[in-house]
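These notes are about the structure you will find just below.
The values are calculated or read from the model by the stated rules, or taken from the named source; none is laboratory data. Here the structure is a predicted model, which is why all the values come from computation and not from measurement. Glycine gets a Cβ as well: all are built from the backbone with ideal geometry, and neighbour counts include every protein chain shown.
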Amino acid sequence: MAATEPIRNKKQVRELAGYYLKKGMLRNYALIVMGVHTALRISDLLRLKWDDVYDFDKRQFRPHIDVIEKKTGKAKTIALNKEAIHALGIYATLPERCGSGRYIFESNRKNRAAISRIQAYRIIRAAALAVGLGKRISCHSLRKTFGYHAWKSGAPVAVIMDIYNHTSLAVTKRYLGICQDDRDKVYRSMSFLRV
């Protein structure tokens, strides 16, 4: 089985999310936007409820969300950036989908449960194939995409490692999807003799 890849091109990230925005499928749009902006594993993303991101008393989005990671049991505080809040805000305009105690990424079924990991995978794969991203894009690609673009923007690898809650640099390096083009750029940027 091939490893899942980060989406290295920001335009393609926008196209992936935009696929569902254009279709008016706001839950799916918010799922992708939140996935690439929070670096959460899909199991943690799907467990989020509106109360985690929105203060119903103050009628405003929270600046941070607090999560206990399902896989590691570690606590994590995540700042919600403008793009994540914007996507959630668009989605929250559907009152039948938003409310205290309800999952953000709720199933269309009557039981009000969160969508399954399989359904999340189908949502992401359908968009990836529709915009020509190929077969190596999955739910975990959203998490990897966050790290890759944070690294490319100059975020220290130690901070990215901390965001991921990784204990091994080797694992973080795999997540970043460092390829030969990245290594070539470093080699070519070095100049000691000014030739």
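The table for this structure:
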quantity: Hey, Tyr121 aromatic (Phe, Trp, Tyr) and surrounded by 19 or more Cβ atoms within 10 Å (Cβ to Cβ) or not; calculated: no
quantity: Candidate set: the stretch 1-43, residues that are touching a strand residue (DSSP E or B) at 6+ places or on another chain (Cβ under 8 Å) and not small (Gly, Ala, Ser); chosen: the one farthest from Ile115 (Cα to Cα); calculated: Thr38
quantity: Top-ranked residue in the stretch 158-179 [being more than 16 Å from the chain's Cα centre (by Cα) and aliphatic (A, V, I, L, M); ranked as nearest to Ala79 (Cα to Cα)]; calculated: Val159
quantity: Qualifying position, being closer than 20 Å to Lys144 by Cβ and part of a loop (DSSP other than H, G, I, E, B), among Lys58, Lys76, Lys70; calculated: Lys70
quantity: Looking only at the stretch 1-55, and only at residues there that are basic (Lys, Arg), assigned to a loop (DSSP other than H, G, I, E, B) and touching a residue at least 24 places away in the same chain (Cβ under 8 Å), the one that is farthest from Thr145 (Cα to Cα); calculated: Arg47
quantity: Near pairs, Cβ below 7 angstrom, 6+ apart or cross-chain, from the stretch 163-179 (free of Cβ contacts under 8 Å to residues at least 24 places away in the same chain and over 14 Å from Pro6 (Cα atoms)) to any residue that is outside any helix (DSSP H, G or I) and among the β-branched types (Val, Ile, Thr); calculated: none
quantity: Residue, farthest from Asp55 (Cα to Cα), within the stretch 94-112, restricted to residues that are among the small types (Gly, Ala, Ser) and surrounded by fewer than 13 Cβ atoms within 10 Å (Cβ to Cβ); calculated: Gly101
quantity: Members of the stretch 96-124 found to be assigned to a loop (DSSP other than H, G, I, E, B) and among the aliphatic types (A, V, I, L, M), listed by number; calculated: Ile104, Ala113, Ile115
quantity: Search result, residues across the stretch 75-88 that are surrounded by 10 or more Cβ atoms within 10 Å (Cβ to Cβ), farther than 14 Å from Leu45 by Cβ and touching a strand residue (DSSP E or B) at 6+ places or on another chain (Cβ under 7 Å); calculated: Ala75, Ala79, Ile85
quantity: Matching residues, the stretch 30-66, being in contact with a Gly (Cβ under 9 Å, 6 or more places away or on another chain), over 18 Å from Thr77 (Cβ atoms) and surrounded by fewer than 19 Cβ atoms within 10 Å (Cβ to Cβ); calculated: Phe56
quantity: Meets criteria (at pLDDT 85 or above, more than 26 Å from Glu69 (Cα to Cα) and either of a type in the set (S, T, N, Q) or touching a helix residue (DSSP H, G or I) at 6+ places or on another chain (Cβ under 6 Å) (or both)) for Ala120; calculated: no
quantity: Considering residues of the stretch 76-95 that are polar (S, T, N, Q) and modelled with pLDDT of 95 or more only, the residue nearest to Val36 (Cα to Cα); calculated: Asn81
quantity: Set Ser138, Ser153: member being hydroxyl-bearing (Ser, Thr, Tyr), touching a residue at least 60 places away in the same chain (Cβ under 8 Å) and within 18 Å of Thr38 (Cα to Cα); calculated: Ser138
quantity: From Lys10, Lys70, residue being touching an Asp or Glu at 6+ places or on another chain (Cβ under 6 Å), closer than 20 Å to Ser138 by Cβ and of a type outside the set (Asp, Glu); calculated: Lys70
